[in-house]
Amino acid sequence: MHGVFDIVGPVMIGPSSSHTAGAVRLGLMARKILGEEAVRAEINLHGSFARTYRGHGTDKALIAGILGFAPEDERIREALQIARDHGLEFSFQTVNLEEAHPNTAVIYLVGRSGRTARVRGASVGGGNIMISNIDGYNVELTGQYPALITIHHDCPGVITRVTQILAHAAVNIAFMRVSRQNRGETAMMIMELDEEPAAAVIEECQQADNVEYAFAIPAI
């Protein structure tokens, strides 16, 4: 069964929901994952994005998202100049990611504090997105739900403890995925939730044994 966005697309600025609304959400998700204002953005574009990003306004849409704009924001048309005015350095390169979705972007951001984030995602139609990799961890993140993300040591008990904290706060988990690069090292857990967790809940997760970092991302 198709949703309304699959049929008519979302409210947006630009000619294509995949190349504008979805691209804005990709940029916005990358900014949320970075967790602060970006001062540099290096964007690699694959497939259809690479071939048409200037003509379809994908470049403006991605930068608009990185600036924090919503897909319907009329400032998207001027996003490149607004970024320059705000001191955001940005560059675009075309790449071949082989079998990746044709509307895929890899976004590397540097924040004002020096924090970095590398996010790979695709605009999959109707303004919808799928984030497939964050800082080398394979993930599945749609942005349709609030999410809690943890970076933690890959050892027994961590997942149980974090999910117990959420259960105690009456926060229900809609979807969950855990990704690791090597056994016993660092892992990433992404929980898409039915509601945004309170700041105290995030802090309690942050303080849990073997959790290095915990942060929340709102639905976008």
- Of the residues Ala105, Ala100, Ala83, which is touching a strand residue (DSSP E or B) at 6+ places or on another chain (Cβ under 9 Å) and assigned to a strand (DSSP E or B)? Ala105
- Item | Number of the condition not met by Pro102 [criteria: (1) surrounded by fewer than 16 Cβ atoms within 10 Å (Cβ to Cβ); (2) in contact with a Pro (Cβ under 9 Å, 6 or more places away or on another chain)] | (2)
- Message: Give all pairs with beta carbons closer than 6 Å in which a residue from the range 118-141 that is in contact (Cβ under 8 Å) with a residue 24 or more places away in the chain meets a residue that is aromatic (Phe, Trp, Tyr); count only pairs at least 6 apart in sequence or on separate chains.
- Response: Gly126/Phe5; Gly127/Phe5
- So, of the residues in the range 71-85 that are out of contact with any helix residue (DSSP H, G or I) (no Cβ under 7 Å at 6 or more places or on another chain) and either buried (at least 17 other Cβ atoms within 10 Å of the Cβ) or in contact (Cβ under 8 Å) with a residue 60 or more places away in the chain (or both), which turns out to be farthest from Ala216 (Cα to Cα)? Glu74
- Which helices (runs of 4 or more DSSP H) sit wholly inside the range 15-79 and have at least 2 residues that are within 18 Å of Gly111 (Cβ to Cβ)? 22-34, 58-67
- Query: With respect to the numbered conditions (1) farther than 25 Å from Arg183 by Cβ; (2) at pLDDT 95 or above, which one is the sole condition not fulfilled by Ser132?
  - Reply: (1)
- Task: Select from the range 74-103 the residues that are over 17 Å from Arg54 (Cβ atoms) and within 18 Å of the chain's Cα centre (by Cα) and list them in ascending order.
- Result: Ala100, His101
- Query: In the range 142-181, what residues are in contact (Cβ under 8 Å) with a residue 60 or more places away in the chain and in contact with a Cys (Cβ under 8 Å, 6 or more places away or on another chain)?
  - Reply: Leu148, Thr150
- Message: Tell me the residue from Ala187, Ala208, Ala200, Ala170 that is over 21 Å from Leu28 (Cα atoms) and in contact with a strand residue (DSSP E or B) (Cβ under 7 Å, 6 or more places away or on another chain), please.
- Response: Ala187
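The values are calculated or read from the model by the stated rules, or taken from the named source; none is laboratory data. A quick note: this is a predicted structure, and the numbers were derived from the prediction, not measured. Please note: Cβ atoms are built from the backbone with ideal geometry, for glycine as well, and neighbour counts cover all protein chains shown.
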